[in-house]
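Before any comments, here is the structure.
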Amino acid sequence: MSEPPKILALLHEHRVIDPPEEFQRNAIADSEDIYEEAEADLEGFWASQAERLHWSQRWTRVLEWNPPWVKWFIGGRLNVSVNCLDRHLDSIPDRVAYYWEGEPGDERRITYRELHDEVCRFANALRRIGVRRGDRVAIYMGMIPELPIAMLACARIGALHSVVFGGFAAEALKDRINDASAEVLITADGGWRRGDIVPLKQSADEALEGSPTIRHAVVVRRTGQDVSMQSGRDLWYHELIEGEDTECPAEDMDSEDPLYVLYTSGTTGKPKGILHTTGGYLTGVSTTHRLIFDIHPETDVFWCAADIGWVTGHSYIVYGPLANGTTSIMYEGAPNFPDKDRLWAIVEKYGVTILYTAPTAIRAFMKWGERYPKAHDMSSLRLLGSVGEPINPEAWMWYWTHIGGERCPIVDTWWQTETGMILITPLPGITRLKPGSATRPFPGIQADVLDESGNPVPPGAGGYLVLRRPWPAQFRTIYGAPERYVEQYFSRFGPEIYLTGDGVKRDDDGDFWLLGRIDDVMNVSGHRLSTYEIESALVDHTAVAESAVVSRPDPATGEAIVAFVTLKADVEGDEALIGELREHVAKMIGKIARPHGIILTEDLPKTRSGKIMRRLLRDVARGQALGDVSTLANAEIVKEISTMASEMAEEE
Ligand code: WTA
């Protein structure tokens, strides 16, 4: 974060798409008034949203802001699991909460009544083994129904859950357990992924060797292979809940009591425990879920295809949808198992109406080709969403055409683990869409673009994305490290301004174009360029499936651009094509953006959540020694890329 972001926003994108009339007619948010209402009376706006929830005691004040500290719905009391479950039992007990599909093809259909009963049984069992209000419970599982059940059971008894993504290794799990001093770990024997068993219990056992605070590990039987069970410590889930009552008194929580911790990586190595609380969080996620995804709970089948191990799953598979009485899909496995049409088969089978996924997935679908979605009836879809990184206009258009049949609005939603809820996004019945732009701040959100001195920058220029006032689902602190909370997020521009860490530009209409993390910004010949814009230009070329752009020091230009490029399946790469790609970027953005070197590679190194590891590629491009790559989803590709990069350097 040391360099000032004089980001040049050079990628021009002119397409606009108005909300389809049919969609507009039935949309929940159907008029601009909502923006004005929230602007005129921020507290009134959020209070009226909070009224959609069940409070055992109403708040006395909506907002208390002592920058950078914030509280919402002060004095209010509620329980999140009661709001997600009990509240629906009179009206919609038999509505399906989750259609769950296992990777091998097994299915479960869980109604709100059944989900309530399961959560209560497990909550009673957790109490019986000594879990109390305020205790921390680590959860390390695949995408099976017991994962949301465990989260809701914790919420019911006032324990904080800390979900650790099932793709993390033992070491990462251990660090997170220890940082939160968790007392119980909930895991499974294994999970299915691309036809193989992910040995969760085995990794958990390794982690627990170095996690002295854990008293019990509760193990769900999913894959059925032999696992070692340590007597006294390890308990089978199915044995534990046997005979437990399907009613469980819920803890009456304060609005500001913690709900969960979720670890995320920051600019420094050690993961940060992002702490979310109760009343504001549930208000924020249920409101954004309802308005952005236009949820008509009687008819919609909503599918957020993320993993619950990330914040997207917490907010938009578990808490938002359940608070809104929604029917959701949960799928356990890989999108290309048994074949590359698995997602589209699920859309067809359950009549999915809303699909929310990530650009990295969309680019994979693009690479596999349109014949996979074409083979299925996807006419039930009416709305699409994107999250996690800037979506390249080309990927946006492909999603629009081949998945949405040119009739489904796409909501490109910008937010973070820290923000808890979506903050910059279209409202699908109102907003004019621009492929590649997350468009505008949600009602009541005040986003701004600042230069390095903290002055707002004019339209068309790039700068730091900041948020100027509170919103209910924002994190309250970093678990156990309040000084880090202040230092990392509220010191750059003062305690009233939240620094997101992202670069952004605003166009003449006031729409926001995310440019990637500030630390992915390069300086070439004195020009600041976003890696994302160059990547977008590369992906715009018909031969390219995916790209990652980094820089390395260059005596002439300060930094030189190096692009790692994956070609589409049927394309042969050669020197001529590399030349063509360089010219393509020059043509789309300008000569200053022409990559110095292009390395064609079969894959890019990615974290297990699908984010490209640019930092690692930067080290490769600079010929530096590589550190630990064990948290990568595809570690083997790094060696291959390094070899190619050093060959390229020798040729120069
Ligand atoms: C990026 C995921 C552009 C951004 C919800 C942010 C996006 C980081 C978008 C947070 C989007 C997320 N357009 N960039 N629609 N959504 N990002 O904490 O850089 O895993 O800071 O939360 O992802 O990632 P996180």
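Residues of the chain: accessible area per residue at 1.4 Å, in Å²?
Details: 24070 Å² over 652 residues.
Each residue of the chain exposes 37 Å² on average to a 1.4 Å probe.
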Tell me, in nm to one decimal, what length is gained between Arg128 and Arg109 on full extension, where the rule is 0.36 nm per residue of separation less the Cα-Cα distance?
4.0 nm
Using 5 Å bins from zero, what percent of all Cα-Cα pairs in region 125-225 falls into each bin?
3, 14, 27, 25, 19, 9, 2, 0
Would you tally the net charge around Thr327, using a Cβ to Cβ cut-off of less than 15 Å, leaving Thr327 out, and scoring K and R as +1, D and E as -1?
0
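Would you work out the relative contact order for region 540-651, in percent, from Cα pairs under 8 angstrom that are 6 or more residues apart? It would help to have the intermediate numbers written out before the result.
Numbers: 150 pairs, mean separation 27.2, N = 112.
This gives 24 percent for region 540-651.
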For Lys349, tell me the accessible area in Å² from a 1.4 Å probe, rounded to the nearest 10.
100
Over the heavy atoms of Phe168, what accessible area does a 1.4 Å probe trace out, to the nearest 10 Å²?
40
If I compute solvent accessible area with a 1.4 Å probe over the protein chains, what percent of it on the chain is carbon and sulfur?
48
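Order 87-96, 385-394 from most to least packed using the mean count of other Cβ atoms within 10 Å.
Numbers: 87-96: 14.0, 385-394: 23.2.
With the highest mean Cβ count within 10 Å placed first, the list reads 385-394, 87-96.
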So how far, in whole Å, is the C-alpha centre of region 278-338 from the one of region 380-455?
16
Electrostatic dipole magnitude of the chain [Cβ: Lys, Arg +1; Asp, Glu -1; Cα centre; debye, to 20]
880
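Could you calculate the contour length gain from Asp339 to Gln225, that is, 0.36 nm times the residue separation minus the distance between their Cα atoms, to one decimal place in nm? Walk me through the numbers on the way to the answer.
On the way: separation 114, 0.36 × 114 = 41.04 nm, distance 2.47 nm.
Between Asp339 and Gln225, full extension yields 38.6 nm more.
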Counting Lys and Arg as +1 and Asp and Glu as -1, each charge on the Cβ, what is the dipole of region 540-651 about the Cα centre in debye, to the nearest 20?
680
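At 1.4 Å probe size, put Glu546, Glu406, Glu209 in order of accessible surface, largest to smallest. Before the final figure, lay out each step's value.
Working: Glu546 20, Glu406 110, Glu209 160 Å².
Largest accessible area first, the list is Glu209, Glu406, Glu546.
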If you project the alpha carbons of the chain onto their three principal axes, what span does each projection cover, largest first, in Å?
71, 59, 52
Give me the extension gain from Arg25 to Ala569: residue separation times 0.36 nm, minus the current Cα-Cα distance, reported in nm with one decimal.
191.7 nm
Formal net charge of residues neighbouring Glu22 (Cβ-Cβ distance under 13 Å; K, R +1; D, E -1):
-2
For the chain, any Cys whose C-beta has no other cysteine C-beta under 4.7 angstrom counts as unpaired, and these are Cys84, Cys154, Cys304, Cys408
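The values are calculated or read from the model by the stated rules, or taken from the named source; none is laboratory data. From a predicted model like this one, the values you see are computed outputs, not experimental measurements. Here the Cβ is made from the backbone with ideal geometry for all residues, glycine too, and neighbour counts use every protein chain on show. Surface areas here come from the heavy atoms of the whole protein model, side chains and all, with no ligands, DNA or RNA. Shrake-Rupley method; radii C 1.70, N 1.55, O 1.52, S 1.80 Å.
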